[in-house]
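S.K.: I am attaching a structure below and will ask some questions about it afterwards.
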Amino acid sequence: MKTTSYSRQIARIGPDGRVSVLATLPKPPAGSVTPALSSPFLGGIVRAGDGTLYFLYATGSSDLTGLWRLRPGGTPQRIATLPADGLPNGLALDRSKGQFYVADSVLGTVWRVPAAGGKPVRWSDAPELAPAGFLGANGLKVHRGAVWVSNLDKGTVLRLPITRHGAAGPVDTRARGLLNIDDFAFTGGDTLLAAINADNEVALVRPDGRHRVVMTAADGLENPTSLAVRGGRAYIASGAYFTDGDPNVLAARVTSRP
């Protein structure tokens, strides 16, 4: 499943590459301006075991910005309101606890939202999450008892442990020097692949923070925005935001393990 960020659409990409639009989100009220991006923005997406899709929508208007749900065969429904002056972007589900975590790129905040919907909790607004001119907290994953977050402006990968009481522990900066990092995905252990948006690259990041470029524009990348690793293969979605060329989804075999 994929959000088409500026088209307000949720789409399914089949094994044969065919794209099916599942839903189109409501158009925001006239005069609404999405923070940092101006246009309405569809962010992270998560698929639950029953096929229900959860995703983030930012419009600059309080009546639409938040966490949305799309059940199979249904219509989109907002289940949690998020601040209209923010940009909810990365999304992950802690299935064991029944909680969503949301990275807000403008407010530099990680929100926690019950899986059933409801009032969000400001889980962390640590300074390491803040933007430094454009976008801060971006990609987000729940991994090995912690919330991991990328910061696009600062080029960092951050680990925030989930304490026994569910609060955010102290921030541990696990990697630096990844300016324009967008989303990321783990390949095994704490090794991950990172989408470097503006540079048309994917980097392999080791647990000790060392990293190297493993894919470039020569492989077909055009401003990669999201990553998923499944069954030894990585799937990379390119938004072509700056190249204005060919938005695409690439598949690559993952051969490097920790």
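The values are calculated or read from the model by the stated rules, or taken from the named source; none is laboratory data. The structure presented is a predicted model; accordingly, all values stated were derived computationally and were not measured. Backbone-built Cβ (ideal geometry, glycine too); neighbour counts: all protein chains shown.
S.K.: Which ranges mark the strands (runs of 3 or more DSSP E) fully within segment 6-67 that have 2 or more residues being surrounded by 21 or more Cβ atoms within 10 Å (Cβ to Cβ)?
M.R.: On the way: elements: 9-13, 19-24, 41-47, 53-58.
Answer list for segment 6-67: 41-47, 53-58.
S.K.: Evaluate the following for V121: is it assigned by TED's automatic domain parsing to the domain that holds G43, of a type in the set (A, V, I, L, M, F, W, C) and in contact (Cβ under 8 Å) with a residue 40 or more places away in the chain?
M.R.: No; evaluated as a whole, the condition is false for this residue.
S.K.: Residues of segment 9-34 being farther than 12 Å from T59 by Cβ and among the charged types (D, E, K, R), which ones? Give the steps one after another, and end with the answer.
M.R.: Keep residues of segment 9-34 that are farther than 12 Å from T59 by Cβ, which gives 9-24.
Hits for segment 9-34 are R12, D16, R18.
S.K.: So, one more: Answer yes or no: is there a residue in segment 133-143 that is closer than 17 Å to L91 by Cβ, assigned by TED's automatic domain parsing to the domain that holds W68 and aromatic (F, W, Y). Lay out the reasoning, then the answer.
M.R.: The first filter runs over segment 133-143 and keeps only residues closer than 17 Å to L91 by Cβ, leaving 135-143.
When the remaining residues are screened for being assigned by TED's automatic domain parsing to the domain that holds W68, the result is 135-143.
Add one more test, that the residue is aromatic (F, W, Y), and what stays is none.
No, because not a single residue in segment 133-143 is closer than 17 Å to L91 by Cβ, assigned by TED's automatic domain parsing to the domain that holds W68 and aromatic (F, W, Y).
S.K.: Can you tell me which residue within segment 221-243, out of those that are over 20 Å from the mean Cα position of the chain (by Cα) and more than 13 Å from N197 (Cα to Cα), is modelled with the lowest pLDDT?
M.R.: Taking segment 221-243 as the starting set, the residues that turn out to be over 20 Å from the mean Cα position of the chain (by Cα) are 231-232, 243.
Subset that is more than 13 Å from N197 (Cα to Cα): 231-232.
Working: G231: 89, G232: 92.
Top of the filtered list is G231.
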